[in-house]
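Read through the structure below, which is laid out as structure tokens, and then see the notes.
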Amino acid sequence: MPRGEIVIFDQHCKGCGYCAKFCARDCITHPSGRYSPQGYILPDFSAPDKCNACGICAWMCPDHAIDVYKLVEAEVAA
Amino acid sequence: MAVKKEKVAGGSDLWIRPEFAVIPSCPGCQEPVVGQLILEVVEEMGLDGEAIVVPGVGCTTFLPVIWNMDAVLTAHGRPCDVATAVKRVTKAPLVFTVQGDGDCFAIGAGPTVSAALRGENITVITMSNTNYGTTGGQMSPTTVTGQRTTTTPEGRGEMQGHPAHVPELLGGIKGVAYTARGAVNTPANLQKAKRYIKEAFQKQLDGAGFSLVEIIVACPPNWHYTPIDCLKFIDETLLAEFPLGEFKNVDRVEQPIPVPAQ
């Protein structure tokens, strides 16, 4: 079960590739073949199963184009 | 079974980002990373709404103008002078400058050293990318030996002298409480740099004296490397020339400035 999830804002990304370089679990692929409207090479969140929400991709992202969410199991309201 | 999402990392709320304005920096520029660290430290110390930032002129000008924080824009090289005035007049708990290396060490060398000699209770955050990025990559005081810039096409050599080590230099001044140099090329160095910024701000809150933190950032367009190669250049060349760490850390300056009798 995945423990983390990242959201990449395509309109903010400038395609530097720091997120893919520093992801320790190879969850992010760069280049991915997608392009932003400005022509930057976008990364792709290609392996969501391996993400453990460490947050390093968001630390290293210069454009704050990544938000990292930790998935926790919540009690279902009765 | 329901799954709840908790945000653990991402942009600070102090960035003005109404989903939103793109950060005005070149691809791969690490100055917004340092800006994020500063905002995180300000939020952690509970100084949101009380801090005043004095940005210099250069690439760093574009960062504080998109922060949700009071700012005073200055002339080129004069943030330390203006921060001195702001600190003395407003008595704000946290007054800090955000400068580039050319702004702080070249044209602003006089104001920076003078503020350090006076032991002003301000903090200087300097982002060193070893060139003048805004104007096209000319040589700056921190350009390392052999580095090619627009004005040193053969590489910085004996005609241009040695690179400037300003935290070590200011560490010998009596009015200085804290100097350090950090980098953000790896997650470990990034966390250390955040600790240095926090320590420098704490020195100001304690009234210890002048504090300066220099942070080495990548500049892919003017170094003419890809962003990933820039990190390798920082690791192999810049960190060999500029060692990281704290160079002065005292709780109280040796000779506090005497207060004249009323």
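The values are calculated or read from the model by the stated rules, or taken from the named source; none is laboratory data. Everything numeric here is computed off the predicted structure, so don't read it as measured data. Please note: Cβ atoms are built from the backbone with ideal geometry, for glycine as well, and neighbour counts cover all protein chains shown.
Every residue in the stretch B:210-241 that is under 15 Å from B:Glu31 (Cβ atoms), of a type in the set (Phe, Trp, Tyr) and without any contact (Cβ under 8 Å) to a residue 60 or more places away in the chain, please.
none
Between residues in the stretch B:158-172 that are within 21 Å of B:Met127 (Cβ to Cβ) and residues that are among the aromatic types (Phe, Trp, Tyr) and part of a helix (DSSP H, G or I), which pairs lie under 7 Å by C-beta distance while being six or more apart or on different chains?
Listed by first residue and then by second, the contacts come to B:Ala164/B:Phe105; B:Val166/B:Phe105.
Taking B:Ile125 and the conditions (1) under 27 Å from B:Ala188 (Cα atoms); (2) hydrophobic (A, V, I, L, M, F, W, C); (3) touching a Phe, Trp or Tyr at 6+ places or on another chain (Cβ under 8 Å); (4) part of a helix (DSSP H, G or I), which numbered condition does it fall short on, given that it satisfies the others?
Answer for B:Ile125: the failing condition is (4).
Could you list, in sequence order, the residues of the stretch A:48-71 that are in a helix (DSSP H, G or I), within 7 Å of chain B (Cβ to nearest Cβ) and under 10 Å from the mean Cα position of the chain (by Cα)? I'd like the intermediate steps shown before the answer.
Narrowing the stretch A:48-71 to residues in a helix (DSSP H, G or I): A:48-50, A:56-60.
Still in the list and also within 7 Å of chain B (Cβ to nearest Cβ): A:56, A:58-60.
Residues satisfying the conditions are A:Ile56, A:Ala58.
Looking at B:Leu63, B:Leu170, which one is aliphatic (A, V, I, L, M) and closer than 18 Å to B:Ala218 by Cα?
Details: B:Leu170 fails: closer than 18 Å to B:Ala218 by Cα.
None of the others qualify; the one that does is B:Leu63.
Evaluate the following for A:Gly33: is it at the interface with chain B (Cβ under 9 Å from one of its Cβ atoms) and assigned to a loop (DSSP other than H, G, I, E, B)? Walk me through how you get there before you give the answer.
Details: at the interface with chain B (Cβ under 9 Å from one of its Cβ atoms): no; assigned to a loop (DSSP other than H, G, I, E, B): yes.
Spelling it out, it is not the case that A:Gly33 is at the interface with chain B (Cβ under 9 Å from one of its Cβ atoms) and assigned to a loop (DSSP other than H, G, I, E, B).
Which count do you get for residues in the stretch B:86-109 that are without any contact (Cβ under 8 Å) to a residue 60 or more places away in the chain and either aromatic (Phe, Trp, Tyr) or part of a helix (DSSP H, G or I) (or both)? Can you show your working first?
Of the stretch B:86-109, the ones without any contact (Cβ under 8 Å) to a residue 60 or more places away in the chain are B:86-92, B:97, B:99-100, B:102-103, B:106-109.
Those left that are additionally either aromatic (Phe, Trp, Tyr) or part of a helix (DSSP H, G or I) (or both): B:86-90, B:102-103, B:106, B:109.
Qualifying residue count for the region: 9.
Keeping to the stretch B:164-175, report how many residues are within 28 Å of B:Pro32 (Cβ to Cβ) and among the β-branched types (Val, Ile, Thr).
Counting residues in the stretch B:164-175 that are within 28 Å of B:Pro32 (Cβ to Cβ) and among the β-branched types (Val, Ile, Thr) gives 1.
Taking only the stretch A:12-30 into account, find how many residues are assigned to a loop (DSSP other than H, G, I, E, B) and free of Cβ contacts under 8 Å to residues at least 40 places away in the same chain. So that I can check it myself, show each step before the final result.
We begin by selecting, within the stretch A:12-30, every residue assigned to a loop (DSSP other than H, G, I, E, B); these are A:12-17, A:23-27, A:30.
Now restrict to residues that are free of Cβ contacts under 8 Å to residues at least 40 places away in the same chain: A:15, A:17, A:23-27, A:30.
The number of residues fulfilling the criteria is 8.
Would you point out which residue out of B:Thr145, B:Thr149, B:Thr134 is touching a helix residue (DSSP H, G or I) at 6+ places or on another chain (Cβ under 9 Å), within 16 Å of B:Gly77 (Cα to Cα), touching a residue at least 60 places away in the same chain (Cβ under 8 Å) and not in a strand (DSSP E or B)?
Values: B:Thr145 fails: within 16 Å of B:Gly77 (Cα to Cα); B:Thr149 fails: within 16 Å of B:Gly77 (Cα to Cα).
Exactly one of B:Thr145, B:Thr149, B:Thr134 is touching a helix residue (DSSP H, G or I) at 6+ places or on another chain (Cβ under 9 Å), within 16 Å of B:Gly77 (Cα to Cα), touching a residue at least 60 places away in the same chain (Cβ under 8 Å) and not in a strand (DSSP E or B), namely B:Thr134.
In the set B:Val124, B:Val176, B:Val113, B:Val98, which member is aliphatic (A, V, I, L, M) and farther than 23 Å from B:Lys194 by Cα? Give the derivation first.
Working: B:Val124 fails: farther than 23 Å from B:Lys194 by Cα; B:Val176 fails: farther than 23 Å from B:Lys194 by Cα; B:Val98 fails: farther than 23 Å from B:Lys194 by Cα.
Of B:Val124, B:Val176, B:Val113, B:Val98, the one residue that is aliphatic (A, V, I, L, M) and farther than 23 Å from B:Lys194 by Cα is B:Val113.
Within the stretch B:187-240, track down each residue that is in a loop (DSSP other than H, G, I, E, B), within 13 Å of chain A (Cβ to nearest Cβ) and surrounded by fewer than 23 Cβ atoms within 10 Å (Cβ to Cβ). Spell out how you get there, then give the answer.
Our first condition is that a residue be in a loop (DSSP other than H, G, I, E, B); within the stretch B:187-240, this holds for B:207-209, B:217-219, B:224-226.
Filter once more, so that each one left must be within 13 Å of chain A (Cβ to nearest Cβ): B:217-219, B:225-226.
The answer is B:Tyr225, B:Thr226.
Please tell me if A:Arg25 is closer than 16 Å to B:Lys4 by Cβ, more than 8 Å from chain B (Cβ to nearest Cβ) and not β-branched (Val, Ile, Thr). I'd like the intermediate steps shown before the answer.
Details: closer than 16 Å to B:Lys4 by Cβ: no; more than 8 Å from chain B (Cβ to nearest Cβ): yes; not β-branched (Val, Ile, Thr): yes.
Here the answer is no, as A:Arg25 does not meet what is asked.
If I filter the stretch B:26-85 down to residues being part of a loop (DSSP other than H, G, I, E, B), surrounded by fewer than 22 Cβ atoms within 10 Å (Cβ to Cβ) and among the small types (Gly, Ala, Ser), which single residue comes out as farthest from the other protein chains (Cβ to nearest Cβ)? Step through it out loud before you land on a result.
Initially, the stretch B:26-85 is screened for residues part of a loop (DSSP other than H, G, I, E, B), giving B:26-30, B:45-50, B:56-58, B:63, B:68-69, B:72-78.
If we keep only those that are surrounded by fewer than 22 Cβ atoms within 10 Å (Cβ to Cβ) as well, we get B:26-27, B:45-50, B:57, B:68-69, B:72-73, B:75-76, B:78.
So of that shortlist, the ones also among the small types (Gly, Ala, Ser) come out as B:46, B:49, B:75.
Values: B:Gly46: 22, B:Gly49: 21, B:Ala75: 27 Å.
Among those residues, the one meeting the criterion is B:Ala75.
Have a look at B:Gly207, B:Gly119 and point out the one that is out of contact with any Gly (no Cβ under 6 Å at 6 or more places or on another chain), modelled with pLDDT under 90 and either acidic (Asp, Glu) or more than 19 Å from B:Pro32 (Cβ to Cβ) (or both). Quick ask: steps written out before the conclusion?
On the way: B:Gly119 fails: out of contact with any Gly (no Cβ under 6 Å at 6 or more places or on another chain).
That would be B:Gly207, the only listed residue that is out of contact with any Gly (no Cβ under 6 Å at 6 or more places or on another chain), modelled with pLDDT under 90 and either acidic (Asp, Glu) or more than 19 Å from B:Pro32 (Cβ to Cβ) (or both).
Only one of (1) within 16 Å of the chain's Cα centre (by Cα); (2) within 16 Å of B:Ala218 (Cα to Cα) fails for B:Thr123. Which number is that?
Only one criterion in (1) within 16 Å of the chain's Cα centre (by Cα); (2) within 16 Å of B:Ala218 (Cα to Cα) is unmet by B:Thr123, namely (2).
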